[in-house]
Amino acid sequence: MKLGKKVAAVSMAAVMAVSMSIPSFAYGETTEDSTLISDTQKVTEYQTWKTNVWDAGARTNSANIVMTPGATAKDLNFAWYSEAKGAKAPAVKISKNPDMSKASVFTGEALDINRKNTSGKVYKAANHVSIENFFEENTTYYYSYNSDTATENWSAPREYTTHSTSSFQTILVGDPQTGASGSSGQGTVDDLNIAVDTYNWNKTLEQAMKTAENASFILSAGDQVDYASSDEADTNGVREAEYAGFLYPDALREFPLATTIGNHESKGTDYQYHYNNPNSEDNLGATKSGSDYYFSYGDVLFISLNSNNRNVSEHRALMQKAMDSHKDAKWKVVMFHHDIYGSGQPHSNTDGANLRVLFAPLMDEYDIDICLTGHDHSYARTFQLIDGKAIDYGNENTVSDPEGTLYIAAGSASGSKFYDLAATKQYYIAERSNTQLPTFSTIDFTSNSLTIKTYDYNGNKYADDFTITKNVDKDTLLELVEQAENIDASLYTAGTVAAVNTAVESVKALLNSQEDAGAAKLEESYDASLNSDNNKDPLNYYGYAQDLTGSGGENYKRDGTQALKAGFSALLDKTMDNSQAKVTASSVDTAYTALTTAISNLTKVSDVENLNQVIADAQKKLDNAVEGTEVGQYKEGAKADLEKAILAASTVAGNEVATSSQIAEALANMETALKSFDAAKITETVTPNPDDNNSQNPDGNNSQNPDGSNSQTPDGNNQDESSNNASNPNTGDHTSTAAAAGLAVLCVLSGGAVVYLKKRGNKAE
């Protein structure tokens, strides 16, 4: 048993083991009012816990330590309150031994605060400690903390176990929002139902710990607490009382907690004090509560955006910085609070839809795999979405190498509040549920897969499992479009550039992409000085349309609603149309292939110019060439072969839509033809071999004169000059005459033998 769980067991020693009598439901859609809060209060186990644990001290403790992820898996951050600021720096010590022997001590800083809760307890310091490059995979550590290292007042040790970074789990929760059930309304000092929310929130995390035994950390999609007013308005310390409930679960001492800022937290400063988030030093996307941040765990990049801030340029800057920090990330996860693709009411048609105009393009721009949101208090999973289009991959429970982003709207992790679903299921929703039980999800990451599973707080399945696999590393469709639109057309032939443009327009037609003037209008309307919470702000902190008017005085607010009217935003118009058809995976693949092909076929003007120069040089060489047998001349037929190659290459060079590969092939063919032509040039006189210097008779018989010259008779017989004088023989030399006659006969016979042997040889061949 983990040490942390032992502590939990001790704190609950007085709790009677009585089973919950709250009913379980099959997941799905419901329109019934929730009875969870009243049902919980009737359970003996709850009553005992409230008396012996909550009222006995837990409700007054807003100082619980929180671990948050560090910049990488080797890092870890800590934050906790103390009633006084220490004389020396706060510190955390880490050991691999339960007795804390051989511990390493890490100091941090204490931030001056002045926060109180409803019990009257006042906290003067928020202690932050960051530990870098220390933690190893699959290792159990123990930690203890001290608000003042001038003393030895170290806390009891707690256990923290790391896991593999190549394959790991996370737990996802949405909107614990402790205090939202509100017995007497938001911000009431004696809010009974903070206790109920805390109890159910703790039960959810305890079940999550059992379900996800190897979880590395917890993701919370905002609205950790309920009280939404400013620090100045919180005169009774209600928000810190709610933090006492939210920070109560013992699981938060065993697992790092990565949060995002909800609309109920945006106006107070306490959020930035209770958590010590990494990579937030640039204060991008900030409101009073805090800012954007990011961290990595293995090959997964996590980005948390403050969606209460609508300064898209700042969010983009943070996302770009995150991307640059982990360029080889296999998975990219973004978390923010507002459910821009949820299915609950009223958010999906008001603030969620309005903020969709700003945040959805960022998901497309940075090729985000999964976007985690809350706010909706109902569960929803979308299809893969790209530029507002839902891609139908056929099998709704798994997709391989998909385009677009998967959006998840988490339900309520405490059951403090539930919303009805939209009357009509939006075209982009693959699955949704608002069965009124607290829920959590697990997300399993491997090098090539991401699987999300969702459960209720009893451990029963609440939604279907869903898996994304990645088997290839390729540019996305939108990345290809961006590449195509950034091409310097002056470098390429007009025909191949036109082919690329045609392919781009086909993609845009498929996705119904349009320039969105409304997005620019919303960005321009943002005023940080208003802290996203002023009626003068066209979209207030909650994301509702207030009084956004154009330069011509037109009002972009839909009559009688808190949503933007039709025509304001191309993306909003498209995604608010429930008849919007999904696009098929095959159509996306076709568009992808066409654009990929068009880009790869781009032909450089310089390559065409090079080919034309080669053609011109070859033509000049051809024009100056003479076929013959003399040195410097070319063998017969060489010019015809080169002329043919020049004609073929000229045809390619003159083709305005000739592809880069065709140009390259034509150039290679010209080089081959020129080599052959050069090889056909006669470079030297061939000296005859004496043995081969024969003249041949018409019948194939050869005779050779003693000096090597040949003479041929009309009948094909060869004779020397003495033979030619046979008509005038020396009558005094009969022997010579006979010899000559015999020699002539012998020559004839010898010639016939040669012909016979030659023919025989040819036949053998």
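The values are calculated or read from the model by the stated rules, or taken from the named source; none is laboratory data. On a predicted model such as this, the values are computed, not experimentally measured, just so you know. Because the Cβ atoms are built from the backbone with ideal geometry, glycine has one as well, and the counts that use them run over all protein chains shown.
At a glance:
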{"read-out": "Matching residues in segment 153-171 - criterion: being among the aromatic types (Phe, Trp, Tyr) and either without any contact (Cβ under 8 Å) to a residue 60 or more places away in the chain or out of contact with any Leu (no Cβ under 9 Å at 6 or more places or on another chain) (or both)", "value": "TRP154, PHE168"}
{"read-out": "Selected residue (only one of ALA180, ALA125, ALA150 is more than 30 Å from ASN236 (Cβ to Cβ), in contact (Cβ under 8 Å) with a residue 40 or more places away in the chain and aliphatic (A, V, I, L, M))", "value": "ALA150"}
{"read-out": "Segment 483-525, residues that are within 26 Å of LEU572 (Cα to Cα) and in contact with a strand residue (DSSP E or B) (Cβ under 8 Å, 6 or more places away or on another chain)", "value": "LEU510, LEU511, ASN512, GLY518, LEU522, SER525"}
{"read-out": "Test: residue in segment 337-353 that is surrounded by fewer than 23 Cβ atoms within 10 Å (Cβ to Cβ), more than 19 Å from ASP464 (Cα to Cα), over 15 Å from the mean Cα position of the chain (by Cα) and β-branched (Val, Ile, Thr)", "value": "yes"}
{"read-out": "Residue match in segment 82-92 (condition: β-branched (Val, Ile, Thr) and surrounded by fewer than 19 Cβ atoms within 10 Å (Cβ to Cβ))", "value": "no"}
{"read-out": "Hey, SER62 touching a residue at least 40 places away in the same chain (Cβ under 8 Å), out of contact with any helix residue (DSSP H, G or I) (no Cβ under 8 Å at 6 or more places or on another chain), part of a loop (DSSP other than H, G, I, E, B) and not hydrophobic (A, V, I, L, M, F, W, C) or not", "value": "no"}
{"read-out": "Identity of the residue in segment 126-157, aliphatic (A, V, I, L, M) and under 40 Å from the mean Cα position of the chain (by Cα), that ends up nearest to TYR81 (Cα to Cα)", "value": "ALA126"}
{"read-out": "Close pairs (6 angstrom Cβ cut-off, 6 or more residues apart or separate chains): in contact (Cβ under 8 Å) with a residue 24 or more places away in the chain in segment 225-245, in a strand (DSSP E or B) anywhere", "value": "VAL225/THR178; GLY237/LYS116; ARG239/VAL225; GLU240/ARG115; GLU242/THR178; GLU242/VAL225; TYR243/VAL225; GLY245/THR178"}
{"read-out": "Set ALA640, ALA616, ALA625: member being assigned to a loop (DSSP other than H, G, I, E, B) and outside the structural domain of LEU510 (by TED's automatic domain parsing)", "value": "ALA625"}
{"read-out": "Enumeration of residues in segment 628-643 that are out of contact with any helix residue (DSSP H, G or I) (no Cβ under 8 Å at 6 or more places or on another chain) and under 23 Å from GLU665 (Cβ atoms)", "value": "ALA640"}
{"read-out": "Subset tally (residues that are under 28 Å from ASN471 (Cα atoms), crowded, with 16+ Cβ neighbours inside 10 Å, without any contact (Cβ under 8 Å) to a residue 60 or more places away in the chain and not basic (Lys, Arg)) for segment 309-332", "value": "5"}
{"read-out": "Test: ALA360 is over 22 Å from LYS508 (Cα atoms), small (Gly, Ala, Ser) and either buried (at least 21 other Cβ atoms within 10 Å of the Cβ) or in contact (Cβ under 8 Å) with a residue 24 or more places away in the chain (or both)", "value": "no"}
{"read-out": "Hits in segment 606-647 - residues which are β-branched (Val, Ile, Thr) and under 21 Å from THR659 (Cα atoms)", "value": "VAL608, VAL614, ILE615, ILE646"}
{"read-out": "Selection within segment 483-520 - over 27 Å from ASN655 (Cα atoms) and not hydroxyl-bearing (Ser, Thr, Tyr)", "value": "LYS508, ALA509, LEU510, LEU511, ASN512, GLN514, GLU515, ASP516, ALA517, GLY518, ALA519, ALA520"}
{"read-out": "Check on LEU595, in contact with a Pro (Cβ under 9 Å, 6 or more places away or on another chain) and under 30 Å from GLY394 (Cα atoms)", "value": "no"}
{"read-out": "Long-range neighbours under 7 Å by Cβ, at least six apart or interchain, first residue assigned by TED's automatic domain parsing to the domain that holds SER304 within segment 255-278, second assigned to a helix (DSSP H, G or I) and of a type in the set (Lys, Arg)", "value": "GLY268/ARG239; ASP270/ARG239"}
{"read-out": "Only listed residue being closer than 24 Å to GLU515 by Cα, more than 13 Å from the chain's Cα centre (by Cα) and modelled with pLDDT of 95 or more, chosen from TYR407, TYR366, TYR379", "value": "TYR407"}
{"read-out": "Condition check for ASN555: assigned by TED's automatic domain parsing to the domain that holds ALA658 and either surrounded by fewer than 17 Cβ atoms within 10 Å (Cβ to Cβ) or in contact with a Cys (Cβ under 7 Å, 6 or more places away or on another chain) (or both)", "value": "no"}
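Quick grid of which residues meet (1) closer than 24 Å to SER289 by Cβ; (2) of a type outside the set (Lys, Arg):
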| site | (1), (2) |
| --- | --- |
| ARG115 | yes, no |
| ALA125 | yes, yes |
| THR149 | no, yes |
| TRP154 | no, yes |
| HIS163 | no, yes |
| SER166 | no, yes |
| THR170 | yes, yes |
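Each row is one residue, and each column tells you yes or no for (1) crowded, with 18+ Cβ neighbours inside 10 Å; (2) more than 23 Å from LYS389 (Cβ to Cβ).
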| residue | (1), (2) |
| --- | --- |
| GLN514 | no, no |
| LEU530 | no, yes |
| PHE568 | yes, no |
| ASP577 | no, no |
| SER586 | no, no |
| ALA598 | yes, no |
| LEU611 | yes, yes |
| ILE615 | yes, yes |
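Residue-wise test of (1) crowded, with 18+ Cβ neighbours inside 10 Å; (2) of a type in the set (Val, Ile, Thr); (3) modelled with pLDDT under 95.
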| position | (1), (2), (3) |
| --- | --- |
| ALA430 | yes, no, yes |
| ASN434 | yes, no, yes |
| PRO438 | yes, no, no |
| SER441 | yes, no, no |
| ASP464 | no, no, yes |
| VAL481 | yes, yes, no |
| LEU491 | no, no, no |
